[in-house]
1. What pairs can you find where one residue is in segment 321-340 and among the β-branched types (Val, Ile, Thr), the other is surrounded by fewer than 17 Cβ atoms within 10 Å (Cβ to Cβ), and their Cβ atoms are less than 7 Å apart, with a gap of 6+ or different chains?
2. So residue 125 ticks every box in (1) of a type outside the set (Val, Ile, Thr); (2) more than 12 Å from residue 13 (Cβ to Cβ); (3) at pLDDT below 85 but one. Which box is left unticked?
3. Name every residue in segment 183-197 that is open to solvent by less than 40 Å² (accessible area, probe 1.4 Å) and either farther than 15 Å from residue 17 by Cα or not in a helix (DSSP H, G or I) (or both), in order of residue number.
4. Considering segment 312-339 alone, what residues qualify as being outside any loop (DSSP other than H, G, I, E, B), charged (D, E, K, R) and open to solvent by 20 Å² or more (accessible area, probe 1.4 Å)?
5. If you go through segment 134-160, how many residues are open to solvent by less than 10 Å² (accessible area, probe 1.4 Å), within 25 Å of residue 322 (Cα to Cα) and touching an Asp or Glu at 6+ places or on another chain (Cβ under 8 Å)?
6. When residues of segment 207-261 are filtered for being part of a loop (DSSP other than H, G, I, E, B), of a type outside the set (A, V, I, L, M, F, W, C) and either at pLDDT below 75 or farther than 25 Å from residue 180 by Cα (or both), how many remain?
7. Looking for something basic (Lys, Arg), surrounded by fewer than 16 Cβ atoms within 10 Å (Cβ to Cβ) and at negative phi - is there at least one such residue anywhere in segment 340-348?
8. Given (1) out of contact with any Lys or Arg (no Cβ under 9 Å at 6 or more places or on another chain); (2) of a type in the set (A, V, I, L, M); (3) over 27 Å from residue 32 (Cβ atoms), where does residue 201 come up short, assuming only one miss?
Amino acid sequence: MPSKNIPITVFTGFLGAGKTSIILSLLPRLPKDYKVVLLKNEFGDVEVDSQLAKQSSLAAVSEILNGCMCCVLVGQMKNALLEIRGTTQSRFTVTAKPLASALTHPLTEKYRPDRIIIECSGSAFPATLAFQIRELERETANDLKLDAIVTVIDAENFSGYEDTSPTAKMQASYTDVILINKWEHISERQLDILIDHLNTLNDTTPKVKCQGRAGVDPALVFGLDSTLFQLEDRDASAVSAVVDVRHHDEVETVTLLKGYSTGDVKAAVPHEGCDLADHAHCSHSHADTPTQAQDASISTSTDAAPIAEEDLINALSSLSKETVWRVKGFVRLARGLHILNWAFGRYELTAFDDPMGEHRGSVKLTVMGERGEVKRAARRLAERIGAQVVA
């Protein structure tokens, strides 16, 4: 599906909704010579989703950890997208597939993808990001073009996290298409109620059910030619009000380590791109940034022995999805190193080869959840698996 310009698709959705899985499910359905670059905004300090993405057929993956896509990255967005486009000298280093080759290289002038996918963190409302892309449309004579904003909804848990997250409501309200994920875990009646509720938030946007691990047909999310967030609307009172109030301190993150040092945790991205007077608009925590890793590299433990899988599963089953929304990271089990993805009571363990030998400890996890509550839950989780809370 060639394009004269480079379309940009922005994926948004709350923590654990399944954005990365849906993006990766799109790739096998694209022509083999179709080049896609993923620009990811990971929430927390552990680059889990990007490691999974780098094992896919993506042409390249670039990641920004522990920064807000809608305020931190927006200040760098022009350079980032122009570098991916191949018109300026690259500052980003990306990992080329296959991961086993362990090749890293800067994007060059000759590199030009067929599409750029931006995956926002679960806490981001992408209005400012979208306006930045609109400015690039004008500056590049539409060579870079916003194609669509796609919102992924977790059908099983949306009604729960929507109650405490104004951002989740806004993500569903300002989008070109809503992808309803994990609907197979609820009854038809519950699905009808969810769709009715989504229609009260946004009755004009198509709602598409994802087909499990098969995701969705690329034709449903690519080539939409979005009309959202036009530059002439930026100063309109309705949009300005949304941008000003879009974030609350909803999400707090905690890091658990065992067999690692705090120096192994990547530091937060500073707020150099934020153009607001304060950072109260950010819906994730900045209270712990810069992280402790910047002050000292403190060894949490020299114990890199595998943790018992039964202990891990029991510990995860004790978490309340009312206060803990996602746990992701690396765990070493008796059967090898694995990537752990836990979201709202469901978990997945994916074997990870670690060809670069970067993970020699046994636990490196980011726990995300309700501000003021998640730290207590993280401490209990750490005690159950023999890890320490370091951030």
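1. Note: pairs meeting the criteria are 323/373; 339/350.
2. Of (1) of a type outside the set (Val, Ile, Thr); (2) more than 12 Å from residue 13 (Cβ to Cβ); (3) at pLDDT below 85, only one is false for residue 125: (2).
3. Scanning segment 183-197 gives 186, 191.
4. 326, 332
5. Count: 0.
6. So the answer is 10.
7. yes
8. (1)
The values are calculated or read from the model by the stated rules, or taken from the named source; none is laboratory data. Because the structure is a prediction, the values reported are computed rather than measured. Here Cβ is always computed from backbone atoms with ideal geometry, including for glycine, and neighbour counts include all displayed protein chains. What goes into the accessible areas is simple: the full protein's heavy atoms, side chains included, and nothing from ligands, DNA or RNA. Shrake-Rupley method; radii C 1.70, N 1.55, O 1.52, S 1.80 Å.
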